[in-house]
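Below: the structure, in structure tokens.
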Amino acid sequence: MSYDLIVIGSGPGGYVAAIRASQLGMKTAIVERAELGGICLNWGCIPTKALLKSAQVFEYLKHAQDYGIKVNGGEADFPAVIKRSRDVADGMSKGVQFLMKKNKIEVIKGTGKLKPGKKVEVTDAGKTQTIEAKNIIVAVGARSRELPTLKIDGKKIIGYREAMVLPTVPKSMVIIGSGAIGSEFAYFYATMGTKVTLVEMMPNIVPVEDEDVSKQLIKSFTKLGIDVRTEAAVDSVDIKGTGCKVKIKDKKGESTIDCDVVLSAVGIASNLENIGLEETGVITDKGKIVVNQYYQTNIPGVHAIGDCVGGQALAHVASAEGIICVEKMAGQNPDPLNYNNIPGCTYCQPEIASVGYTEKQAKEKGYELKIGKFPYSASGKASAAGAKDGFVKMIFDAKYGELLGAHFIGLNVTEMIAEIVVARKLETTGHEILKAVHPHPTMSEAIMEATAAAYGEVIHL
């Protein structure tokens, strides 16, 4: 069987690339060994957001009195929470199936492996077939990274997949790693009633974020009852008894934490094994496939996108890369992706959203800065919502007014960050944001207020 394009992997990079290729008139096939939609739809972005929404609703119930509402009782039906999450994921996966049919993309079930001469060998249930195409995109994604001292057994030491489908709420949990995955699960399980200890090797939790954001999240997590340990390393985990004994070394010395389960959230590793890279001569470096700005590898006709290449390991990045890759393939001239204008979001409560340079990065780049912060405690909408934790921080170049970065923490901020991405894409200055009238009362007007603060014109502080 011969195609214009074969895509290996149907995650948010692969299926989006396949649809764009079909729109551009290419005969397209997609190879998938598991569920359509990949990790994001089935075991990542979507089902975790369903879990987090359940946690947020439960938290509202527990604090209903604060809103003048009396609720008799209220408890979490944990299996039902898990089932809802799985149902949401299944629905989204079925949606991708519909999109494949609508766009006349052939879905080939099985494990794809690159072969020389722009061929792909697909193995499923012991049967093998070989297909070929003018172009191939490798979009194989990534999996949980394992530390040598922290081998995932799926029962006592778990990864994010197991954390999404635990049969009961553990009484206690140690989470190692405080990136987006670790912080989201810390919030979810703490809200569900688990005693959570969050362990981070770096000086700050959510270490890729601005330091002010990290400090605020520690305050909010501590209020929730999460024990946050920074500059802490896990020496060993003893799983011989009924639970786990986690030995931790931090600035205070050594300590042992007893818990029911340990969640390893120390990052991801690309799925590069056994996909034919060596056989076809595709160059890799530090666990990633090497590509140019249009996602072409060193082998003509072979491309790679998403978590298996460099750049942020985010669903929206993979989708954008897939579209750029296919449009270039079709003879168009798309703009290369600006990796410094990619929004990052963490969906614990309070939420985190950011784009561009942190304050520290901007200073290291040599910029003279104008920085404005507007706290949620001064926001009428945040007060009305009962969510005064958080702030909006805006960073501008003092010389030209360029918007260098934005760092938000608080309720609904993941819905607000797109304004900044568009503003930076359009090369908007601080004065233009300041004079763009924002609606009142909204959380989003904090963007205007923080900008006003940077320029010494803030009204509500």
Looking only at region 32-78, how many residues end up being open to solvent by less than 80 Å² (accessible area, probe 1.4 Å), on the phi < 0 side of the Ramachandran plot and under 28 Å from the mean Cα position of the chain (by Cα)? 27
Just checking, which of 248, 299, 275, 323 is touching a strand residue (DSSP E or B) at 6+ places or on another chain (Cβ under 6 Å) and either open to solvent by 20 Å² or more (accessible area, probe 1.4 Å) or in a strand (DSSP E or B) (or both)? 248
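Yes or no, residue by residue, for (1) of a type in the set (Gly, Ala, Ser); (2) touching a residue at least 60 places away in the same chain (Cβ under 8 Å); (3) closer than 23 Å to residue 118 by Cα; (4) touching a Leu at 6+ places or on another chain (Cβ under 7 Å):
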{"residue": "4", "(1), (2), (3), (4)": "no, yes, yes, no"}
{"residue": "9", "(1), (2), (3), (4)": "yes, yes, yes, no"}
{"residue": "21", "(1), (2), (3), (4)": "yes, yes, yes, yes"}
{"residue": "43", "(1), (2), (3), (4)": "no, yes, no, no"}
{"residue": "56", "(1), (2), (3), (4)": "no, yes, no, no"}
{"residue": "79", "(1), (2), (3), (4)": "no, yes, no, no"}
{"residue": "82", "(1), (2), (3), (4)": "no, yes, no, no"}
{"residue": "90", "(1), (2), (3), (4)": "no, no, no, no"}
{"residue": "93", "(1), (2), (3), (4)": "yes, no, no, yes"}
State whether the residues of region 373-388 include one that is at positive phi, surrounded by 17 or more Cβ atoms within 10 Å (Cβ to Cβ), assigned to a strand (DSSP E or B) and touching a strand residue (DSSP E or B) at 6+ places or on another chain (Cβ under 9 Å). no
Being farther than 30 Å from residue 189 by Cα, assigned to a strand (DSSP E or B) and over 26 Å from the mean Cα position of the chain (by Cα) is the requirement here; does residue 366 meet it? no
Quick one: count up the residues across region 389-435 that are assigned to a loop (DSSP other than H, G, I, E, B) and either over 23 Å from residue 342 (Cβ atoms) or open to solvent by 40 Å² or more (accessible area, probe 1.4 Å) (or both). 7
Residue in region 342-363 that is farthest from residue 223 (Cα to Cα), counting only those that are in contact (Cβ under 8 Å) with a residue 12 or more places away in the chain, part of a helix (DSSP H, G or I) and open to solvent by 20 Å² or more (accessible area, probe 1.4 Å): 361
Could you say which residue among 243, 193, 182 is touching a residue at least 24 places away in the same chain (Cβ under 8 Å), at positive phi and not polar (S, T, N, Q)? 193
For residue 198, are the conditions met, namely being closer than 25 Å to residue 168 by Cβ, at pLDDT 95 or above and open to solvent by less than 40 Å² (accessible area, probe 1.4 Å)? yes
Which condition number in (1) farther than 27 Å from residue 445 by Cβ; (2) of a type outside the set (Ser, Thr, Tyr); (3) touching a residue at least 60 places away in the same chain (Cβ under 8 Å) is the one that residue 333 fails? (3)
Assuming residue 335 fulfils every condition listed in (1) open to solvent by less than 40 Å² (accessible area, probe 1.4 Å); (2) in a loop (DSSP other than H, G, I, E, B); (3) out of contact with any helix residue (DSSP H, G or I) (no Cβ under 6 Å at 6 or more places or on another chain) apart from one, which condition is it? (1)
Matching option when the condition is among the aliphatic types (A, V, I, L, M), at pLDDT below 95 and on the phi < 0 side of the Ramachandran plot, among 458, 421: 458
Output yes when any residue across region 102-124 is open to solvent by less than 10 Å² (accessible area, probe 1.4 Å) and within 16 Å of residue 44 (Cβ to Cβ), and no when none is. no
Which one is nearest to the chain's Cα centre (by Cα), of the residues in region 385-432 that are of a type in the set (Gly, Ala, Ser) and within 30 Å of residue 64 (Cα to Cα)? 410
What is the number of the single condition among (1) without any contact (Cβ under 8 Å) to a residue 12 or more places away in the chain; (2) surrounded by fewer than 19 Cβ atoms within 10 Å (Cβ to Cβ) that residue 153 does not meet? (1)
Among the candidates 226, 218, 239, which residue alone is in contact with a Leu (Cβ under 7 Å, 6 or more places away or on another chain) and either open to solvent by less than 40 Å² (accessible area, probe 1.4 Å) or not acidic (Asp, Glu) (or both)? 226
Return the residue satisfying two criteria in turn: it lies in region 445-458 and is in a loop (DSSP other than H, G, I, E, B) and out of contact with any Asp or Glu (no Cβ under 7 Å at 6 or more places or on another chain), and of such residues it is nearest to residue 395 (Cα to Cα). 455
For region 311-330, give me the residue count where each residue is closer than 17 Å to residue 22 by Cβ and small (Gly, Ala, Ser). 3
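The values are calculated or read from the model by the stated rules, or taken from the named source; none is laboratory data. Keep in mind it's a predicted model, so treat the numbers as computed, not measured. Here Cβ is always computed from backbone atoms with ideal geometry, including for glycine, and neighbour counts include all displayed protein chains. The area values use the complete protein model at the heavy-atom level, side chains included, leaving out ligands, DNA and RNA. Shrake-Rupley method; radii C 1.70, N 1.55, O 1.52, S 1.80 Å.
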